[in-house]
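Colleague: One structure follows; several queries about it will come next.
The values are calculated or read from the model by the stated rules, or taken from the named source; none is laboratory data. In this text, all values refer to a predicted model and were calculated from it rather than measured experimentally. With ideal geometry, Cβ positions are generated from the backbone for all residues, glycine too; neighbour counts draw on all protein chains shown. With ligands, DNA and RNA removed, areas are computed over all heavy atoms of the protein, side chains included. Shrake-Rupley method; radii C 1.70, N 1.55, O 1.52, S 1.80 Å.
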Amino acid sequence: MNQSATPRDDQRAVDALREVLRRAVARLEAADARDEPLAEYVEAHRVLLVKRNPVLRPVGRAWRLGALMLGRDGTLYATGAIVRAREAGVRNYQSQSAEERRDLRAAALRGKFETGETVNHGWREITLDAESLRSGEGPVVFAPDGSLVVRWNAALGDSAVRDVGAYVDERVGLLVDPLDIP
C-alpha cells in the first residue's frame with residue numbers, strides 16, 4: 001500500500017470512479033448504445049424425474065467495455081467469456097475445448113437467447129470499495145501512486161494497466177461512435 005495513501009484518499013478515488021461510471025451510463029443511454037446479455041451457467045440437473053440440460057440463464061444486460069462491463073445501474077463487472085447462441089451442430093470430438101464451446105452455444109439457445117446473439121457468462125461483479133480494490137484481485141486496482149487503474153490484459157498483469165477513468169471514457173466512445181472501417 002502506498003504509504004502516503006489514507007482511507008480518505010482511497011474513498012476520493014472510489015467516489016471519482018463512481019462518478020466516471022455514472023457519466024458513462026448517461027452517455028451510453030443517451031446514444032442508445034448496444035448492450036449485451038449477462039447470463040449465469042446452470043448445471044444439468046433433475047427436476048423430479050426429468051433431466052434438465054445445462055442452460056445459460058439470462059440475468060441482466062451490460063455494455064462491454066473491453067476488460068470491464070457496465071450495467072445500467074452503474075454496476076461494474078469483470079468480463080468473463082462470451083459465446084454466440086446457436087444450434088450445437090454435430091459432435092466432432094476434435095478437442096475438449098471445442099466440445100465445451102459447442103455445448104455452451106446450445107446452452108445459450110436453451111436460455112432463450114436469439115440465434116447469433118452474443119452472451120456473456122463467467123463475469124464477476126466488482127465491489128467498488130477501497131478494501132476490495134486494494135486486494136489487487138480484480139481488473140480494477142489501486143496503483144502504487146494511489147490512483148485507480150484497470151488491468152486491460154490479464155495475461156500481461158500489471159504491465160498492462162491504464163487509468164480507469166480514461167479507459168472507460170475511451171471504451172464508451174467506441175460504443176457511442178463506433179469506428180467505420182470498410
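Colleague: Of all residues in the range 24-49, which are without any contact (Cβ under 8 Å) to a residue 60 or more places away in the chain, more than 26 Å from residue 103 (Cβ to Cβ) and surrounded by 15 or more Cβ atoms within 10 Å (Cβ to Cβ)?
Modeller: Across the range 24-49, the qualifying residue is only 25.
Colleague: Right, something else. Restricting to the range 58-109, name every residue that is of a type in the set (Phe, Trp, Tyr), closer than 12 Å to residue 38 by Cβ and open to solvent by 20 Å² or more (accessible area, probe 1.4 Å).
Modeller: Correct list: 77 only.
Colleague: What are the residues in the range 155-182 that are touching a residue at least 24 places away in the same chain (Cβ under 8 Å), out of contact with any strand residue (DSSP E or B) (no Cβ under 9 Å at 6 or more places or on another chain) and within 14 Å of residue 67 (Cα to Cα), if any?
Modeller: 169
Colleague: Read through the list (1) surrounded by 12 or more Cβ atoms within 10 Å (Cβ to Cβ); (2) assigned to a helix (DSSP H, G or I); (3) out of contact with any Gly (no Cβ under 9 Å at 6 or more places or on another chain), then give the number of the only condition that residue 17 fails.
Modeller: Going through (1) surrounded by 12 or more Cβ atoms within 10 Å (Cβ to Cβ); (2) assigned to a helix (DSSP H, G or I); (3) out of contact with any Gly (no Cβ under 9 Å at 6 or more places or on another chain) one by one, residue 17 breaks only (3).
Colleague: Quick test of your reading of the structure: residue 112 fulfils all but one of (1) on the phi > 0 side of the Ramachandran plot; (2) open to solvent by 60 Å² or more (accessible area, probe 1.4 Å); (3) within 20 Å of the chain's Cα centre (by Cα). Name the failing condition by number.
Modeller: Of (1) on the phi > 0 side of the Ramachandran plot; (2) open to solvent by 60 Å² or more (accessible area, probe 1.4 Å); (3) within 20 Å of the chain's Cα centre (by Cα), only one is false for residue 112: (3).
Colleague: Right, another one. Could you please find all residues in the range 121-151 being surrounded by 13 or more Cβ atoms within 10 Å (Cβ to Cβ) and among the small types (Gly, Ala, Ser)?
Modeller: 122, 130, 132, 138, 143, 146, 147
Colleague: Moving to a separate point now. Within the bounds of the range 1-14, is there any residue that is surrounded by fewer than 15 Cβ atoms within 10 Å (Cβ to Cβ), at pLDDT below 95 and either of a type in the set (A, V, I, L, M, F, W, C) or touching a His at 6+ places or on another chain (Cβ under 7 Å) (or both)?
Modeller: Yes, some residue in the range 1-14 is surrounded by fewer than 15 Cβ atoms within 10 Å (Cβ to Cβ), at pLDDT below 95 and either of a type in the set (A, V, I, L, M, F, W, C) or touching a His at 6+ places or on another chain (Cβ under 7 Å) (or both).
Colleague: Name every residue in the range 114-133 that is at pLDDT below 90 and either over 30 Å from residue 88 (Cα atoms) or in contact with a strand residue (DSSP E or B) (Cβ under 8 Å, 6 or more places away or on another chain) (or both), in order of residue number.
Modeller: Of everything in the range 114-133, just one residue is at pLDDT below 90 and either over 30 Å from residue 88 (Cα atoms) or in contact with a strand residue (DSSP E or B) (Cβ under 8 Å, 6 or more places away or on another chain) (or both), namely 116.
Colleague: Among the numbered criteria (1) open to solvent by 70 Å² or more (accessible area, probe 1.4 Å); (2) over 18 Å from residue 63 (Cβ atoms); (3) within 16 Å of the chain's Cα centre (by Cα), which one does residue 158 miss?
Modeller: Among (1) open to solvent by 70 Å² or more (accessible area, probe 1.4 Å); (2) over 18 Å from residue 63 (Cβ atoms); (3) within 16 Å of the chain's Cα centre (by Cα), the lone unmet condition for residue 158 is (3).
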